[in-house]
1. What ³J(HN,Hα) values, in whole Hz, does the Karplus curve 6.51 cos²θ - 1.76 cosθ + 1.60 give for the stretch 191-201 when θ = phi - 60°, with x put for Gly and Pro?
2. Under the √(5λ) rule applied to the eigenvalues of the Cα gyration tensor, what semi-axes describe the equivalent ellipsoid of the chain? Give them in Å, descending.
3. Could you tell me the calculated FRET efficiency between Met117 and Leu213, based on Cβ-Cβ distance and R0 = 22 angstrom, to the nearest 0.05?
4. Got a sec? How would Leu146, Leu261, Leu37 order by Cβ neighbour count within 10 Å, fewest to most?
5. Using 0.36 nm per residue of separation minus the Cα-Cα distance, give me the extension gain between Leu261 and Met234 in nm, one decimal.
6. For the stretch 1-104, compute the orientation-averaged projected area of the C-alpha convex hull (one quarter of its surface), in nm².
7. Residue by residue, what Karplus-based ³J(HN,Hα) values in Hz, rounded to whole numbers, does the stretch 138-151 have, using 6.51, -1.76 and 1.60 with θ = phi - 60° and x for Gly and Pro?
8. Report, to one decimal in Å, the Kirkwood hydrodynamic radius for the stretch 58-102 based on all distinct Cα pairs.
Amino acid sequence: MQARTRELGSALIVYAILLLWLAVTLFPFVWLCLLALKTPLQAFAMPPLWIFRPTGFNYVDLLQNTDFLRFFGNSIVVAVGTVGLSLLMGAPAAYAFARARFRFGRAAFLWILIIRMAPGMCYVIPFFVIYHRLGLLDTRTALVVLYTVFNLALVIWSMHTFFSEIPLTLEEAARVDGASILQVFTRIVLPLSGPGLAATAILCFLFSWNEFLFALIITRNFSRTAPLAIVNFMAYEGAEWGRIAAGSILVIIPVVLFSFLVRRYLVRGLIVGALKG
């Protein structure tokens, strides 16, 4: 009886700590959701209003009186294009590093990390000069290419782990049956690496969707992304907190939906990748 009481007390302490951690973690998000449903007077009321009549004014104002939808569409095009191009180029490269044996292969594999080692600010001026001379400033193509460059290192290093763990005998058996290297890669290796592809895709999507620095420097008005559009609601005269909150909620939705769609593979990929890494 005493042992059971001790176990119950320990469980209650653990649950209390988890609830406290959850409350602290989710409080900013809850506050953001409430702010998006308040009028300006309700938003700045003191003490804060926790019970009020919600309004959709901020969302209507954001979508009808601003160019947020256009910038939101830019973010979707850039993020989807980046994920597709990064996986298209990075997955075969990772497979080559995992299976091929060539001189300086290990060194080349390590050198790929250099792109991710230096702060992004170090690359701003070179990319700006290159895009200026090529006439690619303020284009979505420029952002897709730039984000792909940074995501390639992530894709290669992430997928290399999964490809290395696939039994080589499966590929050898397929080659004996007459399959080409491309067929082995597309019909055997990629399907078996589904969890890794999902985990890598969501990480690439998050980087492209939330990136701010390069979008701020490279874009002007035509290819501006959603994070920049939200920041523009902060001016010297004051911040439009209703629009900022509503825009932030809309920006979060695609990430949540994408994660929900690939959640099965995402969890498996992160766990397996961590264990294998």
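1. Once rounded to whole Hz, the list reads x, 6, 9, x, x, x, 5, 5, 5, 5, 4.
2. Equivalent ellipsoid semi-axes, largest first: 40, 31, 16 Å.
3. Calculated value: 0.85.
4. Leu261, Leu37, Leu146
5. 6.4 nm
6. 16.2
7. Once rounded to whole Hz, the list reads 6, 10, 5, 4, 4, 5, 4, 5, 5, 5, 5, 4, 7, 7.
8. The answer is 13.3 Å.
Read-outs throughout are calculated quantities, based only on the coordinates presented, and are distinct from any laboratory measurement. Worth saying up front: this structure is predicted, and the values here are computed from it rather than measured. Reconstructed Cβ throughout: ideal geometry from the backbone, glycine too, with neighbour counts over all protein chains shown.
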